[in-house]
Amino acid sequence: MIDYTSTSTEIAAAVTAGKVSAAEAVEVSLARIAATNPALNGFIDITADRARAKAKAVDAAKARGESPGPLAGVPFGVKNLFDIAGLPTLAGSKINRGHAPARQDGALVRRLEAAGAVLVGGLNMGEYAYDFTGENSHYGPSRNPHDPGRMSGGSSGGSGTAVAAGMVPLSLGSDTNGSIRVPSSLCGLFGLKPTFGRLSRHGSFMFVSSLDHLGPLARSTADLALSYDAMQGPDADDPACAQRGIELALPELEKGIDGLRIAVADEYFASGGEDYTHAAVEAFAKALGVTRRVTVPEAKRGRSAAYVITAHEGANLHRQRLREQPQDFDPDTRDRFFAGLLLPGDWYVQAQRFRRWYRARLLEMFKDVDVLLAPATPCSAPLLGQKMMSLGGVEMPVRANLGIFTQPISFAGLPVVATPYADARPLPIGVQVIAAPWREDLALRVARQLEKIGIASSKVAK
């Protein structure tokens, strides 16, 4: 039998073996959503009729002797910036609620359902993805299942809430500066931000097209690899994803870490967070026998340049909406976009030039190391509504600084597995397992090793 704590891998195996039907798996998910979502606010749109019809089709295919797919019967939700046929693509906004419904699902939604997974709805998020908190002034905050008075993290807050609460075993989010890794860390989940250009973004509402990534959140490394492999493949509709082929990660997952050169990121990544954040990194390093330290060159400038690109591209995407409907934005989001409109154009050009230089420096670094360990967030989940936090005796705005450790990594487009520290108390905290471009398999192997020895794990909040 399965229940709301079952992983995607367990559900798919049970459906394939005939121990449970896809319809039964979906009903478990829908019942859990009904029981927990009113208090936690992870889902905004629930597609129950569609889910039941899809589950019935999966079961019918199996009855005909056809393969039900590697994700047979697995319920999943998607951040509501993914297109869902028949629904307007909200991107967390009030404005988009008046848009025409999407004509078809986004590319990754279609690929997951082709693999037998079952979409059960659209998830809450920070408005237009410009957020690290999971709070939304239009739809309410997505709450942290481990303490509903605290943030889930953003901007993929509902994606974190839904998986950590057991509403679904798998969700999709987006990550521009940390929006998969931050909620993964605060909610105690495994999250994969793939290499920039690895997974198609077609059929999603962009935030910063030169930095945006899409990827899964789950409660095990096997679930990440299983869903990631199902979503791989080039897509001419996303120029960034038009050329890359498929390099499966699941067959590599159990290869272990023998021969891998693993190091801890120091300097910028060794300060600026709470002591327990850095203790989690050190615990992972000790468990893996890692003593080497390396410096990510110019990480602080990398984060600054990421801010410039984010503010400039994001603001200009919304220029007309800001002119015509400023009152319909979340005030915090609107003010950040207005600030972005004031940035000189040559700052953006210089930031992109620096980005190319920065990425080249990191590629040089990865000639001598295979995987890096670094903090995911500077602290565990802040209280809902909290505006400032003290880190190392310095007061910082919460919304801008939950991504201090994630931004320098996504700025270079590197693949990362956010990995939950099993001994975090009383709230979850995660660690970034970072690899060179296109080496998601290595990051997943290291995360899997940490999971196997028990120092990394994800649990459903009761």
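Bear in mind that the values in this text are calculations on the coordinates, not laboratory data. Computed from a predicted model, the values in this text were never measured in an experiment. Backbone-built Cβ (ideal geometry, glycine too); neighbour counts: all protein chains shown.
General observations
- Positions within the stretch 35-67 being in contact with a helix residue (DSSP H, G or I) (Cβ under 6 Å, 6 or more places away or on another chain), surrounded by 23 or more Cβ atoms within 10 Å (Cβ to Cβ) and more than 13 Å from L119 (Cα to Cα), in sequence order: L40, G42
- Qualifying residue in the stretch 450-460 (condition: surrounded by 24 or more Cβ atoms within 10 Å (Cβ to Cβ), part of a helix (DSSP H, G or I), among the acidic types (D, E) and in contact (Cβ under 8 Å) with a residue 24 or more places away in the chain): no
- Applying the set (1) out of contact with any Asp or Glu (no Cβ under 8 Å at 6 or more places or on another chain); (2) closer than 25 Å to T89 by Cα to K54 leaves exactly one unmet item: (1).
- Note on the stretch 284-316: residues that are more than 23 Å from the chain's Cα centre (by Cα) and closer than 15 Å to Q352 by Cα amount to 2.
- Some residue of the stretch 407-420 being surrounded by fewer than 24 Cβ atoms within 10 Å (Cβ to Cβ), farther than 25 Å from D212 by Cβ and out of contact with any strand residue (DSSP E or B) (no Cβ under 7 Å at 6 or more places or on another chain): no
- Within the stretch 1-13, being in a helix (DSSP H, G or I) and aliphatic (A, V, I, L, M) holds for I11, A12, A13.
- The combined condition, being in contact with a helix residue (DSSP H, G or I) (Cβ under 6 Å, 6 or more places away or on another chain), of a type outside the set (S, T, N, Q) and either touching a residue at least 40 places away in the same chain (Cβ under 8 Å) or under 23 Å from M231 (Cβ atoms) (or both), is fulfilled by I95.
- Meets criteria (outside any helix (DSSP H, G or I) and over 28 Å from L192 (Cα atoms)) for L373: no
- Boolean, A218 is within 19 Å of the chain's Cα centre (by Cα) and of a type outside the set (D, E, K, R): yes
- Candidate set: the stretch 161-188, residues that are assigned to a helix (DSSP H, G or I) and more than 11 Å from the chain's Cα centre (by Cα); chosen: the one surrounded by the most Cβ atoms within 10 Å (Cβ to Cβ): A162
- Residues that are among the polar types (S, T, N, Q) and out of contact with any Pro (no Cβ under 8 Å at 6 or more places or on another chain) were ranked within the stretch 213-259; the one that is surrounded by the fewest Cβ atoms within 10 Å (Cβ to Cβ) is Q232.
- Scanning the stretch 307-340 for residues that are more than 24 Å from R97 (Cβ to Cβ) and surrounded by 12 or more Cβ atoms within 10 Å (Cβ to Cβ) yields Y307, V308, I309, T310, A311, H312.
- Scope the stretch 14-44; condition within 22 Å of the chain's Cα centre (by Cα), assigned to a loop (DSSP other than H, G, I, E, B) and not polar (S, T, N, Q); matching residues: G42
- Residue, nearest to G178 (Cα to Cα), within the stretch 189-213, restricted to residues that are among the hydrophobic types (A, V, I, L, M, F, W, C) and not in a loop (DSSP other than H, G, I, E, B): L192
- When residues of the stretch 278-305 are limited to those that are among the hydroxyl-bearing types (S, T, Y) and more than 29 Å from G340 (Cβ to Cβ), the one surrounded by the fewest Cβ atoms within 10 Å (Cβ to Cβ): T291
- Residues in the stretch 136-192 that are in contact with a strand residue (DSSP E or B) (Cβ under 7 Å, 6 or more places away or on another chain) and at positive phi: G188 only.
- Number of positions in the stretch 35-55 that are closer than 21 Å to R150 by Cα and not aromatic (F, W, Y): 9
- Among the residues making up the stretch 411-446, a single one is under 16 Å from the mean Cα position of the chain (by Cα) and aromatic (F, W, Y): F411.
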